[in-house]
Amino acid sequence: MGQVVKREDITKLVADLKAQGKTIVTTNGCFDILHVGHVRYLQATKAFADVMIVCLNSDVSVKKIKGPDRPINNENDRAEILCALECVDYVVLFDESSPVDLLCEIKPDVYTKGADYTIETLPEAKPVMQNGGRVEFISFVEGKSTTNVIKKIGAQNISK
């Protein structure tokens, strides 16, 4: 079972893991309403390294990106659900819109992102690569998204 790590403790954790010879993969996201697309994405991410750290957008960050009605689930609930997944080793919250600063602290061996991005369009790519890491893109599961889940729930409520 994974665990939540405070932002101020992430650098020491990473140093300890690297001293043990562990490779580290990171990804980030809101992971608001967990669905099969998220699970497959996280499982694919874990396959790249010994330890996976999920950089989780805080509630403040999600509101900046998705608007005032999001997140549906608060950051503590989202972090706990992620930690319950076998493939997730650690979760660390961040308040910024992008995890660039956090990735500069972690310096992962591998960073994953959805295949809707490219090296040129991904703001996190440059700092990851400058710190010796590589970027891997993972394809989405067709039709699976938090937005689609929210729309489906809304449609069902309207039809009642």
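Considering only residues that are assigned to a helix (DSSP H, G or I), touching a helix residue (DSSP H, G or I) at 6+ places or on another chain (Cβ under 6 Å) and closer than 14 Å to Thr11 by Cα, which ones fall in the stretch 77-105?
Passing the criteria: Leu103, Cys104, Glu105.
Return yes when Ser61 is modelled with pLDDT under 95 and polar (S, T, N, Q) and no when it is not.
Considered against the rule, which asks whether it is modelled with pLDDT under 95 and polar (S, T, N, Q), Ser61 comes out as no.
Could you check how many residues of the stretch 65-112 are of a type in the set (D, E, K, R), touching a Ser or Thr at 6+ places or on another chain (Cβ under 6 Å), surrounded by 20 or more Cβ atoms within 10 Å (Cβ to Cβ) and under 23 Å from Ala49 (Cβ atoms)?
Result for the stretch 65-112: 1.
Just the residues that are modelled with pLDDT of 95 or more and among the hydrophobic types (A, V, I, L, M, F, W, C), please, taken from the stretch 90-118.
Across the stretch 90-118, the qualifying residues are Val91, Val92, Leu93, Phe94, Val100, Leu102, Leu103, Cys104, Ile106, Val110.
The values are calculated or read from the model by the stated rules, or taken from the named source; none is laboratory data. None of these values were measured; they are calculated from a predicted model. Methodologically, a virtual Cβ is constructed for each residue, glycine included, from the backbone with ideal geometry; neighbour enumeration extends over all protein chains shown.
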